[in-house]
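Peer 1: The structure that follows is given in the form of structure tokens.
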Amino acid sequence: MNTKAKLAIGAGVATLLAAGLAVAQVPQNIPEYNKIGPGGAIPPPMPPGGGALPGYRQQSVIDGVQKKTPEFEDVFNVLDAIDSLPVTAKAKPKKARKLLIYSTARGYGHSSIPITAFAITELGKATGAWTADTSFSQADFTAENLAKYDVLVLNNTTGAFLDDANDAAGTAARRKALLDFVRGGKGLVLTHAGGDTYHGTGVPRPPPGSPPPTGPQPPQKSLWPEFTKMVGGYFKFHWYYPQPVTVKIDDPKSPINAPFNGRPFKIHDEIYPFSNDSYSRKNVHVLTSVDYSKMSAEDKAKENPATKRTDGDYALSWIRREGQGRV
């Protein structure tokens, strides 16, 4: 019996056991998210406890608890996509690789966190390129535990994901373990809101459900400069889904970009620009970026003029060396 057949049976049983449980909505176009105001596009206030915004799936972090199980609909979509891919990896690893997928957010909990961990794990199984464990605990950030892995994946880890305000020594130890892991020759991968990590104004966050702030706001800054430099920058704003963009292939020779055959393509997505003072091509090797010349004046105007990038450089993916490691 194949994986999808087993999941189909499991889905039927789960449906009976969980009758009456609401199914999360599929993301929809939300026109009010793209209204242009003096400070750029501003989303509606977040519901208390991390609930769902109109037209969006429920957050995966509710009242501080990270959801761990993906929706069955998402599982089937991922397995269908994997079925259409090559059955072996393009490059054969020199040795067996093991990934640790850290999947807990300390800020906004993207609904995609559980399915991202599942997809990465299943891709490894399908291609034989790696095996993976998923972690939801800060306690896994020790030198001893990280030594078991070749790559750490930060799966939408919004916020200060290693910090504990009541444990300065523990925070410092976890930070050191992460830096040593990468610099010692291992790999680090960040997905989406992994870039929305360790930055802020230094002003305490308002309670959930508070209205958006008005008037001039303190400037954003890195809350962990070593981390920001290592990963290449931090998020400052985003065009809300479904923002149309043309993706430019900056390095057509990179094996990572091989599936694109050097050709640009159009997508609708939630695009993360990075701040002027944290991101620069001088510090990273860019793989893909937004073709800003093809963006409409209306869409460009959604970016806050006060923090607008001055170089028109909106990178989407990049790589860099950190010590002996790779990011």
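Peer 1: Is there a residue in the range 222-235 that is over 30 Å from Val203 (Cβ atoms) and either out of contact with any Phe, Trp or Tyr (no Cβ under 8 Å at 6 or more places or on another chain) or of a type in the set (D, E, K, R) (or both)?
Peer 2: Initial filter on the range 222-235 (over 30 Å from Val203 (Cβ atoms)): none.
The answer is no, given that none of the residues of the range 222-235 is over 30 Å from Val203 (Cβ atoms) and either out of contact with any Phe, Trp or Tyr (no Cβ under 8 Å at 6 or more places or on another chain) or of a type in the set (D, E, K, R) (or both).
Peer 1: Looking at the range 235-292, which of the residues that are β-branched (Val, Ile, Thr) and not in a strand (DSSP E or B) is farthest from Ala160 (Cα to Cα)? It would help to see each step written out before you state the result.
Peer 2: Here is the first cut: in the range 235-292, the ones β-branched (Val, Ile, Thr) are 245-247, 249, 256, 267, 271, 284, 286, 288, 290.
With not in a strand (DSSP E or B) added as a condition, the list becomes 256, 284.
Values: Ile256: 29, Val284: 23 Å.
Ranking the qualifying residues of the range 235-292, first place goes to Ile256.
Peer 1: Hey, another quick one. Are any residues in the range 100-127 closer than 29 Å to His199 by Cα and either in contact (Cβ under 8 Å) with a residue 60 or more places away in the chain or of a type in the set (Lys, Arg) (or both), and if so, which ones?
Peer 2: Ala105, Arg106, Gly107, Tyr108, His110, Ser111, Ser112, Thr116
Peer 1: Right, another one. Which fully enclosed strands (runs of 3 or more DSSP E) of the range 83-158 have 3 or more residues being at pLDDT below 95 and over 22 Å from Pro259 (Cα atoms)?
Peer 2: Values: elements: 98-102, 131-135, 151-155.
Hits in the range 83-158: none.
Peer 1: Restricted to the range 250-273, and to residues that are β-branched (Val, Ile, Thr) and either in contact with an Asp or Glu (Cβ under 6 Å, 6 or more places away or on another chain) or closer than 14 Å to Tyr314 by Cβ (or both), which residue is surrounded by the fewest Cβ atoms within 10 Å (Cβ to Cβ)?
Peer 2: Of everything passing the filter in the range 250-273, Ile267 is surrounded by the fewest Cβ atoms within 10 Å (Cβ to Cβ).
Peer 1: Which one is nearest to the chain's Cα centre (by Cα), of the residues in the range 164-204 that are acidic (Asp, Glu) and closer than 24 Å to Arg320 by Cβ? Spell out the reasoning first.
Peer 2: Kept after step one, since they are acidic (Asp, Glu), are these residues of the range 164-204: 164, 167, 180, 196.
Still in the list and also closer than 24 Å to Arg320 by Cβ: 180, 196.
Values: Asp180: 22, Asp196: 8 Å.
For the range 164-204, the residue satisfying everything is Asp196.
Peer 1: Sticking with this one: State all residues of the range 159-196 that are free of Cβ contacts under 8 Å to residues at least 24 places away in the same chain, among the small types (Gly, Ala, Ser) and outside any helix (DSSP H, G or I); if no residue qualifies, say none.
Peer 2: Matches in the range 159-196: Ala165 only.
Peer 1: What is the one condition in (1) over 20 Å from the mean Cα position of the chain (by Cα); (2) of a type outside the set (A, V, I, L, M, F, W, C); (3) not in a helix (DSSP H, G or I) that Glu298 does not satisfy?
Peer 2: The one condition Glu298 does not meet is (3).
Peer 1: Quick check on my filter: what residues within the range 221-232 are in contact (Cβ under 8 Å) with a residue 60 or more places away in the chain and either in contact with a strand residue (DSSP E or B) (Cβ under 7 Å, 6 or more places away or on another chain) or over 30 Å from Thr171 (Cα atoms) (or both)? It would help to see each step written out before you state the result.
Peer 2: Let us first name the residues in the range 221-232 that are in contact (Cβ under 8 Å) with a residue 60 or more places away in the chain, namely 223-224, 230-232.
Answer for the range 221-232, where residues must be in contact (Cβ under 8 Å) with a residue 60 or more places away in the chain and either in contact with a strand residue (DSSP E or B) (Cβ under 7 Å, 6 or more places away or on another chain) or over 30 Å from Thr171 (Cα atoms) (or both): Leu223, Met230, Val231, Gly232.
Peer 1: How many residues does the range 133-148 contain that are surrounded by 14 or more Cβ atoms within 10 Å (Cβ to Cβ), of a type outside the set (Ser, Thr, Tyr) and touching a helix residue (DSSP H, G or I) at 6+ places or on another chain (Cβ under 7 Å)?
Peer 2: Going through the range 133-148 one residue at a time, the tally reaches 3.
Peer 1: For the range 56-75, give me each residue that is assigned to a helix (DSSP H, G or I) and surrounded by 16 or more Cβ atoms within 10 Å (Cβ to Cβ). Reasoning before the result, please.
Peer 2: First, the residues of the range 56-75 that are assigned to a helix (DSSP H, G or I): 72-75.
Result: Phe72, Asp74, Val75.
Residues checked against (1) acidic (Asp, Glu); (2) under 21 Å from Gly200 (Cα atoms); (3) modelled with pLDDT under 95:
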{"residue": "Ile271", "(1), (2), (3)": "no, yes, yes"}
{"residue": "Asp277", "(1), (2), (3)": "yes, yes, yes"}
{"residue": "Thr288", "(1), (2), (3)": "no, no, no"}
{"residue": "Pro305", "(1), (2), (3)": "no, yes, yes"}
{"residue": "Val327", "(1), (2), (3)": "no, no, no"}
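Peer 1: Among what's in the range 310-327 and is over 22 Å from Phe265 (Cβ atoms) and of a type outside the set (S, T, N, Q), pick the residue that is surrounded by the fewest Cβ atoms within 10 Å (Cβ to Cβ). Outline the logic, then answer.
Peer 2: Step one: list which residues in the range 310-327 are over 22 Å from Phe265 (Cβ atoms), which gives 310-311, 320-327.
Still in the running and of a type outside the set (S, T, N, Q): 311, 320-323, 325-327.
On the way: Asp311: 10, Arg320: 16, Arg321: 13, Glu322: 20, Gly323: 13, Gly325: 20, Arg326: 15, Val327: 16.
Here the residue is Asp311.
The values are calculated or read from the model by the stated rules, or taken from the named source; none is laboratory data. All figures in this text were calculated on a predicted structure; none of them were measured in a lab. Quick reminder, even Gly has a Cβ in these numbers, built from the backbone with ideal geometry, and neighbours come from all protein chains shown.
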